[in-house]
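Laboratory data are not the source of any read-out in this text; all were calculated from the coordinates shown. None of these values were measured; they are calculated from a predicted model. Ideal geometry is used to build each Cβ from the backbone, glycine not excepted, and the neighbour counts take in all protein chains shown.
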Amino acid sequence: DAKTTQPTSMDCAEGRAANLPCNHSTISGNEYVYWYRQIHSQGPQYIIHGLKNNETNEMASLIITEDRKSSTLILPHATLRDTAVYYCIVSASGGYNKLIFGAGTRLAVHP
Amino acid sequence: DTGVSQNPRHKITKRGQNVTFRCDPISEHNRLYWYRQTLGQGPEFLTYFQNEAQLEKSRLLSDRFSAERPKGSFSTLEIQRTEQGDSAMYLCASSLQGYEQYFGPGTRLTVT
């Protein structure tokens, strides 16, 4: 599975969009991009995944660049409850095999 | 609540004692995973099962660690002769041939 690089921490004002970047320059053609988050003292929670096209669900949007070497997770209207560590994971098999987590981005949403 | 439960939620034990954790996955999920997470780090994969078969074990899983999933439903993770370095959050997750894993709340182990 390809390695990912994420900023260590980010801040966002409540109600504004939070844009979390991820670099995965060695991604291969059959690998998906997954995002999970972990709120303090809880287990990780699946957010969204994508292969080539941009994806949107009730939690977030995922924008993948055309060359697939980077992606951005967008939380359109961040709330205090979105304060968490966000993990970007690249995997060919995703949820079916093991997930390799990095250190993630610690997002702090401020009032 | 994802539907994955773990017990106990907290365990304090003395060095050298054995401990066992239990994970109950979402009932129809055929894959079950164990991860370990230390403070400030992302979760690290330990092992996973498809039904009752253990398909992969990480090198992190020393011979003091053993995991079972006897009937393809719940799973147990046992640590023998605990060491202070075993102090961590132990996370269980399950999936059904899909794209996402559903994680339980974890068991926090403290070895004194």
Local net charge near residue B:14, Cβ-Cβ under 13 Å (Lys/Arg +1, Asp/Glu -1)
+1
DSSP beta bridges in chain B [antiparallel fraction, %, rounded to 5]:
90
Percent of beta bridges antiparallel (DSSP, chain A, rounded to nearest 5):
85
Per DSSP, loop trypsin sites (Lys or Arg not before Pro) in region A:16-68 with at most 13 further Cβ within 10 Å:
A:16, A:52
For region B:28-33, take each phi angle, set θ = phi - 60°, evaluate the Karplus expression 6.51 cos²θ - 1.76 cosθ + 1.60, and give the result in whole Hz per residue in order, putting x for glycine and proline.
8, 6, 8, 10, 9, 10
With +1 on each Lys and Arg Cβ and -1 on each Asp and Glu Cβ, and nothing else charged, work out how big the dipole of region B:1-88 is about its Cα centre, in Debye to the nearest 20.
300
As a percent rounded to 5, the proportion of antiparallel DSSP bridges among beta bridges in the protein assembly as shown is 85
Within the set A:15, A:50, A:29, GNM on chain A using Cα springs under 10 Å gives the largest fluctuation to A:29
Given labels modelled 7 Å from the Cα in the Cβ direction, how far is it in nm from residue A:59 to residue B:66?
3.6
With contacts defined as alpha carbon pairs under 8 Å and 6 or more residues apart, what's the relative contact order of region B:4-47 in percent?
30
Under 15 Å, Cβ to Cβ, from residue B:69 - net charge with Lys/Arg +1 and Asp/Glu -1
-2
Running a GNM on chain A with Cα contacts under 10 Å, which residue among A:28, A:70, A:61 ends up with the highest mean-square fluctuation?
A:28
Before anything else, pin down the relative contact order of chain A: Cα pairs under 8 Å, at least 6 apart, normalised by residue count, whole percent.
37
Kirkwood Rh, Cα Rg: Rg to Rh for the protein assembly as shown?
0.98
With at most 15 other Cβ atoms within 10 Å, longest stretch of chain B clear of loop trypsin sites (Lys or Arg not before Pro) (DSSP):
B:16-58
Taking only the Cα atoms of chain B, how large is their convex hull per residue, in Å³?
97
Taking the Cα centroid of region B:37-112 and of region A:62-104, what is the distance between the two, rounded to the nearest whole Å?
22
Coil-residue GluC sites (Glu not before Pro) of region B:17-56, DSSP, other Cβ within 10 Å capped at 14:
B:28, B:52
